[in-house]
Amino acid sequence: MRQAGAVSPGNVPVCYYGSGGRVPASLERRVRAAEVLLRCAACGLAVLAAALLGADRQTRVFFSIQKVARYTDMQSLVLLVIANGMAACYSLIQCARCLVSIVRGGVLVSRPLAWAIFSCDQVMAYIVISAVAAAMEAALIGKYGQTEFQWMKTCHLYKRFCTQAGGAVACAIAASANMVGVALLSTFNLFRLYGSGKGGAGDK
């Protein structure tokens with residue numbers, strides 16, 4: 001005889017995937033909330049990084065010659081702006097998809113769609129991380145120079161420009177961390193569709 005209040009497949013809310021596989025509804029809600037939060041954070045941080053770099057400029061006068069420092073003077077910073085712009089647009093689209101799915105109460109059960117989201121998330125994470133790595137290398141050279149190649153440090157001449165650029169790179173690093181979190185979640189969402197089906201509705 002089953003005791004009153006005992007947990008059984010009949011009284012535990014679950015979300016079903018494929019043939020017999022199931023995930024607790026509470027876990028599904030937490031996964032969805034985490035995905036929306038990470039995608040929104042990635043979008044906001046990427047926009048902030050691109051905006052800081054796009055508006056970053058400083059003018060100095062050297063021997064009556066006016067020199068303006070812009071992010072376009074360094075190809076790595078241009079790449080960072082482009083990568084963060086792409087990441088922001090992509091994250092916004094995916095965040096909207098997640099919100100629509102939550103409102104409609106739909107569950108991701110299509111393996112092709114899960115593979116597409118997984119692949120895009122991985123690619124975007126790699127793009128942002130690569131752009132951040134290139135920008136950080138250029139930032140270190142600007143800060144400390146490279147004596148072996150006779151590259152002079154320039155940040156002591158454009159302190160405000162370098163400070164704002166450093167803030168943009170920090171935002172880009174945070175955005176890339178969120179993109180990595182999103183990629184991990186999409187990996188979980190994909191491979192849970194390939195469960196063995198144990199504990200399904202037909203099990204006794």
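The values are calculated or read from the model by the stated rules, or taken from the named source; none is laboratory data. Here the structure is a predicted model, which is why all the values come from computation and not from measurement. When we count neighbours, we look across all protein chains shown, and the Cβ atoms used for this are built from the backbone with ideal geometry, even at glycine. Calculation scope for accessible area: heavy atoms of the full protein, side chains included, ligands and nucleic acids excluded. Shrake-Rupley method; radii C 1.70, N 1.55, O 1.52, S 1.80 Å.
Of everything in region 77-88, what is over 18 Å from Ala125 (Cβ atoms) and surrounded by 18 or more Cβ atoms within 10 Å (Cβ to Cβ)? Give them in sequence order.
Scanning region 77-88 gives a single hit, Leu77.
Please go through region 27-69 and give me each residue that is surrounded by fewer than 15 Cβ atoms within 10 Å (Cβ to Cβ) and among the basic types (Lys, Arg), ordered by number.
Those that are surrounded by fewer than 15 Cβ atoms within 10 Å (Cβ to Cβ) and among the basic types (Lys, Arg): Arg29, Arg30, Arg60, Lys67.
Name the single residue, out of those in region 153-204 being aromatic (Phe, Trp, Tyr) and open to solvent by less than 40 Å² (accessible area, probe 1.4 Å), that is modelled with the lowest pLDDT.
Tyr158
Go through (1) at pLDDT 85 or above; (2) crowded, with 16+ Cβ neighbours inside 10 Å; (3) out of contact with any Phe, Trp or Tyr (no Cβ under 7 Å at 6 or more places or on another chain); (4) of a type in the set (Gly, Ala, Ser) for Ala116 and report which single condition fails.
(2)
Report, ordered by the first and then the second residue, all pairs with beta carbons closer than 7 Å, sequence separation of six or more or different chains, a first member in region 109-125 that is over 19 Å from Cys89 (Cα atoms), and a second member that is surrounded by 20 or more Cβ atoms within 10 Å (Cβ to Cβ) and among the hydroxyl-bearing types (Ser, Thr, Tyr).
That search, which allows pairs on different chains as well, returns Val109/Tyr17.
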